[in-house]
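The values are calculated or read from the model by the stated rules, or taken from the named source; none is laboratory data. No experiment lies behind these values; they were computed from the predicted model shown. For neighbour counting, all protein chains shown are included, and Cβ atoms are generated from backbone atoms with ideal geometry for every residue, glycine included. The area values use the complete protein model at the heavy-atom level, side chains included, leaving out ligands, DNA and RNA. Shrake-Rupley method; radii C 1.70, N 1.55, O 1.52, S 1.80 Å.
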Amino acid sequence: MGTRGLVSAVEPLAVLRKAFDLGISLYDTADVYPGAEELLGRAFGRMRDQVVYATKWGHTPDGPDGRVSYMRQALTASLRRLRTSYVDIFQLHVADLSPYGAIALREECENLVAEGLIRAYGWC
């Protein structure tokens, strides 16, 4: 098998920058997509104000985690990987959560908006 189809470490950056040059400015990722947040941070760190980041949280190696305490931990880690001080859209990536759990998360999301750490939030 040859090298056809293999992507070097440089090519994904070039692809992201070309996509941006062609008008793509919204980038949807998640903390569980290996290396994706880091790649976006490297690609757009200096032009952060020109892109929109949507990232998801809620999955861990131990399974889904929709706790308020984990949400802030996940956000802090995503901010570091994305090399930014805020996320445009922060989405819960857990399908089955109790209504009571959702209410607590909504309240904390409002706090994160007020703190300027996220601009909007959702549940996917």
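Residues in the stretch 59-83 that are buried (at least 17 other Cβ atoms within 10 Å of the Cβ) and under 11 Å from the mean Cα position of the chain (by Cα): how many?
6
How many residues are outside any loop (DSSP other than H, G, I, E, B) and either aliphatic (A, V, I, L, M) or open to solvent by less than 40 Å² (accessible area, probe 1.4 Å) (or both) when one looks only at the stretch 109-124?
Going through the stretch 109-124 one residue at a time, the tally reaches 7.
Got a number for residues in the stretch 42-58 being touching a strand residue (DSSP E or B) at 6+ places or on another chain (Cβ under 9 Å) and surrounded by fewer than 20 Cβ atoms within 10 Å (Cβ to Cβ)?
Residues meeting the conditions: 3.
Inspect the stretch 46-59 for any residue being in contact (Cβ under 8 Å) with a residue 60 or more places away in the chain and closer than 30 Å to ALA14 by Cα and give the result as yes or no.
Looking for residues that are in contact (Cβ under 8 Å) with a residue 60 or more places away in the chain and closer than 30 Å to ALA14 by Cα, one finds at least one in the stretch 46-59, hence yes.
Do you know which residues across the stretch 12-30 are of a type outside the set (A, V, I, L, M), open to solvent by less than 90 Å² (accessible area, probe 1.4 Å) and farther than 16 Å from THR55 by Cα?
PRO12, PHE20, GLY23
Output the residues belonging to the stretch 84-96 that are farther than 15 Å from ARG119 by Cβ and within 11 Å of the chain's Cα centre (by Cα).
Within the stretch 84-96, LEU92, HIS93 meet the criteria.
So the check is Cβ under 8 Å with 6+ separation or different chains; which pairs have a first residue in the stretch 11-30 that's under 14 Å from ARG42 (Cα atoms) and a second one that's open to solvent by 50 Å² or more (accessible area, probe 1.4 Å) and assigned to a helix (DSSP H, G or I)?
Pairs that qualify, where the first residue is under 14 Å from ARG42 (Cα atoms) and the partner is open to solvent by 50 Å² or more (accessible area, probe 1.4 Å) and assigned to a helix (DSSP H, G or I), are LEU13/ARG42; PHE20/GLN50.
Between ARG81, ARG106, ARG72, which is among the charged types (D, E, K, R), in a helix (DSSP H, G or I) and touching a Gly at 6+ places or on another chain (Cβ under 9 Å)?
Going through ARG81, ARG106, ARG72 in turn, just one is among the charged types (D, E, K, R), in a helix (DSSP H, G or I) and touching a Gly at 6+ places or on another chain (Cβ under 9 Å): ARG81.
Which pairs have Cβ atoms under 8 Å, sit 6 or more apart or on different chains, and link a residue in the stretch 113-124 that is within 9 Å of TYR86 (Cα to Cα) to one that is part of a loop (DSSP other than H, G, I, E, B) and open to solvent by less than 90 Å² (accessible area, probe 1.4 Å)?
GLY116/SER85; GLY116/TYR86; LEU117/SER85; LEU117/TYR86; ILE118/TYR86; ARG119/TYR86
Which residue is most open to solvent (accessible area, probe 1.4 Å), if the candidates are limited to the stretch 31-41 and must be without any contact (Cβ under 8 Å) to a residue 40 or more places away in the chain and either outside any helix (DSSP H, G or I) or among the acidic types (Asp, Glu) (or both)?
PRO34
Before we move on, is ALA95 assigned to a loop (DSSP other than H, G, I, E, B), out of contact with any helix residue (DSSP H, G or I) (no Cβ under 9 Å at 6 or more places or on another chain) and either surrounded by fewer than 16 Cβ atoms within 10 Å (Cβ to Cβ) or not acidic (Asp, Glu) (or both)?
Taking the combined requirement at face value, the residue satisfies it.
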